[in-house]
1. Look at M146 and say whether it is hydrophobic (A, V, I, L, M, F, W, C), open to solvent by less than 40 Å² (accessible area, probe 1.4 Å) and at pLDDT below 95.
2. Scan (1) in a loop (DSSP other than H, G, I, E, B); (2) over 30 Å from G93 (Cβ atoms) for the single condition I226 breaks and write down its number.
3. Looking at (1) farther than 20 Å from H156 by Cα; (2) touching a Gly at 6+ places or on another chain (Cβ under 9 Å), which is the only condition A109 fails?
4. Name the helices (runs of 4 or more DSSP H) wholly inside segment 1-69 in which the number of residues that are under 21 Å from T150 (Cβ atoms) and in contact (Cβ under 8 Å) with a residue 12 or more places away in the chain is 1 or more.
5. Given the structure, is I223 out of contact with any strand residue (DSSP E or B) (no Cβ under 9 Å at 6 or more places or on another chain), β-branched (V, I, T), modelled with pLDDT under 95 and open to solvent by 60 Å² or more (accessible area, probe 1.4 Å)?
6. Would you check if there is a residue in segment 202-220 being surrounded by 13 or more Cβ atoms within 10 Å (Cβ to Cβ), among the acidic types (D, E) and in contact (Cβ under 8 Å) with a residue 24 or more places away in the chain?
7. Kindly indicate the residue of segment 80-100 that is part of a helix (DSSP H, G or I) and open to solvent by 70 Å² or more (accessible area, probe 1.4 Å) and also farthest from R29 (Cα to Cα) among those meeting that condition.
8. Are any residues in segment 231-263 of a type outside the set (G, A, S), open to solvent by 20 Å² or more (accessible area, probe 1.4 Å) and in a helix (DSSP H, G or I), and if so, which ones?
Amino acid sequence: MKDKLTVVKIGGSTVGNDTRLNEFISVFRKLEGKKLLVHGGGKTATLLASSLGITTKMVEGRRVTDDQMIDVVVMTYAGLINKKLVASLSARGIKSLGLTGADGNSIKAHKRKTKEGLDFGWVGDIETVNSNFLSGLIVKNLVPVMAPITHDEAGHLLNTNADTVASEIAIALAQRFEVSLNFIFEHKGVMQDINDPESLLRSIDKSRYEVLKKGKAITGGMIPKIENAFRTIGEGVSKVRLLDASALSHLQNPDFNEYTTIH
């Protein structure tokens, strides 16, 4: 029987808010068993860029990462946010290790190709995840804390979507562990009506997803996130959830379902 591994991904709404971050870490600390944390932090990167007089350019929700911006995102993700998380976890007795994809050659990527004249700059698309390296840390009861920075084995650091990093790590580690992947939001999960807290969609399969997308209940950045979740399930990950931080403490309760599960 495989050991269970809980992979958790947090984004800018958590890491950029001290209250939410402290609440999350308090809950994350209590998660039973082996775990791995992936973080984003785009809002913090945008603020730092602005303070340095660097303009942020976004296309289809993705950050264009030129020579100046790659320095900003590395400073933000691999430095400020990553080490703050590691320090906070250490303060609560959790042995953690902050990593980028360059550390231990853990995530190799290639620079995204120019398409239809659009060059995203130093943005990486993942090729491989070094599951042996990461699982070696996990079995020693260390908690890897992964920043969304990868590398191309040619000396270049690459800005990579944090949701994708979490998904690819979960898929790679599913060979060694029984993996659940959990995306943390400020809401309970996917809402049919974002203004109605009672409209939580507790379960979404592909057929229901197509209906929701056609009806505009799911739009924008949620579309690639959910489609990526379907692919993750198809590649051996046991469960994918979209939930708020408070729900993490109830994952072992079979009667608790205040979150969205992707099937």
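1. no
2. (1)
3. Failed condition: (1).
4. 12-15, 42-51
5. No.
6. No: zero hits.
7. L80
8. Of everything in segment 231-263, those that are of a type outside the set (G, A, S), open to solvent by 20 Å² or more (accessible area, probe 1.4 Å) and in a helix (DSSP H, G or I) turn out to be R231, I233, H250.
The values are calculated or read from the model by the stated rules, or taken from the named source; none is laboratory data. Remember, it's a predicted structure, so these values are computed and weren't measured experimentally. Please note: Cβ atoms are built from the backbone with ideal geometry, for glycine as well, and neighbour counts cover all protein chains shown. Remember, those area values only see protein heavy atoms, side chains included, never the ligands or the DNA or RNA. Shrake-Rupley method; radii C 1.70, N 1.55, O 1.52, S 1.80 Å.
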